[in-house]
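Here is the structure we will look at, set down as structure tokens.
The values are calculated or read from the model by the stated rules, or taken from the named source; none is laboratory data. It should be emphasised that the depicted structure is a prediction, and the values quoted were computed from it without experimental measurement. Counting neighbours? That spans all protein chains shown, and the Cβs are built from the backbone with ideal geometry, glycine included. Quick note on the areas: whole protein, heavy atoms, side chains included, nothing else; ligands and nucleic acids left out. Shrake-Rupley method; radii C 1.70, N 1.55, O 1.52, S 1.80 Å.
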Protein chains: 2
Amino acid sequence: MKEPDDTLSKALKKLREQHVRITPQRKLILDYLMNHENHPPVEEIYKELAPQMSSLSLATVYNTLNLFVELGIVIEIPNENGGVRYDFFGRPHYHAICENCGKVTDIYDPNLPQIDGMLQNTAKKQSGYNFNSCHIELYGLCPECQAKGVTLAS
Amino acid sequence: MKEPDDTLSKALKKLREQHVRITPQRKLILDYLMNHENHPPVEEIYKELAPQMSSLSLATVYNTLNLFVELGIVIEIPNENGGVRYDFFGRPHYHAICENCGKVTDIYDPNLPQIDGMLQNTAKKQSGYNFNSCHIELYGLCPECQAKGVTLAS
DNA sequence: CACTTTTTTTAGAAAAATTCCAGAGAACGT
DNA sequence: ACGTTCTCTGGAATTTTTCTAAAAAAAGTG
């Protein structure tokens, strides 16, 4: 599912608005995240992009991802083994995560805004927080692992 | 909010059912997690418990936490800086996380089972996964940080 | 209760992940 | 185009997590 052509420019505009400089490295990483549904970990992003920009430093990938997360352009998804995967968060969605193979699948739910509202409402009453984003992960078995006959401990 | 006295024995029973051996180390860590609302990271658990059991090894804390997560007794909460915090998951709840100070507050919502059902329903139709648990995190500013006048980039 | 088997713990070493740093380079407003 | 300011690089340093082999300790057996 390739993102529409203007998704990148929209994201870049957001960067400019925040007075964040647009560098080739940032563009490259953003573009990669936008056009891959694989929810890659840091190391994979680095390995994929290093050939395209031979000077790219691993430290830059870390810096850039942390920056994008702070800006809310990208979110982190917890990984089966404590690691972190990265996900371009253009449209709100949540995640189905396979507890066996670790695959992450995006779920686009028309009811999400409403559910989000209910959650924030209760949480605000109970805790006094002011919210601005919501992450949801559902854990289970993907169809492929089900077919393999995998079952889980719990 | 101290957990009722039998919460520990219930959890221990669950361990036995899974044929997981009950060791003093596991009891200690479980007890600590149950009776602290601070959602501690690994290092903090180790530092707190080391004085109580001088032989306790950091590796054991890692092993034990990973075990508890696999068994579904404990869940991981993503931390502001990529780290992980641990949370005893006795009763289903979700989390309000402060983007400024990193505090994690538990939210007990009577509608959670219903919301959970809606999410799983849509997600199952769209992805074919079979689910068995659901994690929700709301990100925002806690009352204290609001009072301090903190505002966020995004 | 003593014995056996199997699992767990320990401690330190090893590996992996992430951050730090100082100098070189590049973006952007003027 | 210039100068200021922010960013990138590469390697070292730090932090986090896992691994390993030997010792200790659970649970099962009769």
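Computed over the Cα atoms of the range A:1-90, the ratio of the radius of gyration to the Kirkwood radius (Rg/Rh) comes to 0.93.
At a probe radius of 1.4 angstrom, the accessible area of the protein assembly as shown per residue rounds to 52 square angstrom. Distances between copies of B:MET53, taken at a point 7 Å out from Cα along the Cα→Cβ vector and listed shortest first: 4.8 nm.
Rank A:SER127, A:VAL84, A:ILE107 by how far each Cα sits towards the positive end of the charge dipole of chain A (+1 on Lys, Arg Cβ; -1 on Asp, Glu Cβ) and give me just the farthest. Most positive-ward Cα: A:SER127.
Of all DSSP bridge pairs formed entirely within chain A, close to 70 percent run antiparallel.
Return the tail of the calculated pair distribution for the range B:92-154, meaning the percent of Cα-Cα pairs more than 14 Å apart. More than 14 Å apart: 64 percent of the Cα pairs in the range B:92-154.
Look at the stretch A:120-128: the mean tally of other chain Cβ atoms within 10 Å of its residues' Cβ atoms is 6. Once the Cα-Cα distance is subtracted from the 0.36 nm per residue extended length, the A:VAL42 to A:THR151 segment shows a gain of 36.3 nm. Counting only lysines at least 8 places from A:LYS10 when in the same chain, those with an alpha carbon closer than 16 Å to its own are A:LYS2, A:LYS27. In the protein assembly as shown, helices alone account for a calculated mean residue ellipticity at 222 nm of -13000 deg cm²/dmol, with every DSSP H run of four or more residues adding -39,500 (n - 2.57).
Relative to the other identical copies, A:ASP6 shows label-point distances of 6.2 nm, where the label point lies 7 Å from Cα along the Cβ direction and values run shortest first.
For the range A:103-113, the Karplus equation 6.51 cos²θ - 1.76 cosθ + 1.60, evaluated at θ = phi - 60°, returns couplings of 4, 10, 10, 7, 10, 9, 10, x, 8, 4, x Hz by residue, with Gly and Pro reported as x. The same position B:ALA147 in the other copies lies at 5.6 nm from this copy, comparing label points 7 Å beyond Cα toward the beta-carbon, shortest first. The Stokes-Einstein estimate for the protein assembly as shown, based on a Kirkwood radius over Cα pairs and taken at 20 °C with 1.002 mPa s viscosity, is a diffusion coefficient of 102 µm²/s. For the set A:LYS103/B:LYS148; B:LYS13/B:LYS47; A:LYS47/A:LYS103; A:LYS124/B:LYS148; A:LYS14/A:LYS47, the pairs lying more than 29 angstrom apart at their alpha carbons are A:LYS103/B:LYS148. Treating each Cα of chain B as one equal point scatterer and applying the Debye formula with no solvent, the log10 of I(q)/I(0) at q = 0.11, 0.18, 0.19, 0.21 Å⁻¹ comes out as -0.52, -1.20, -1.27, -1.39.
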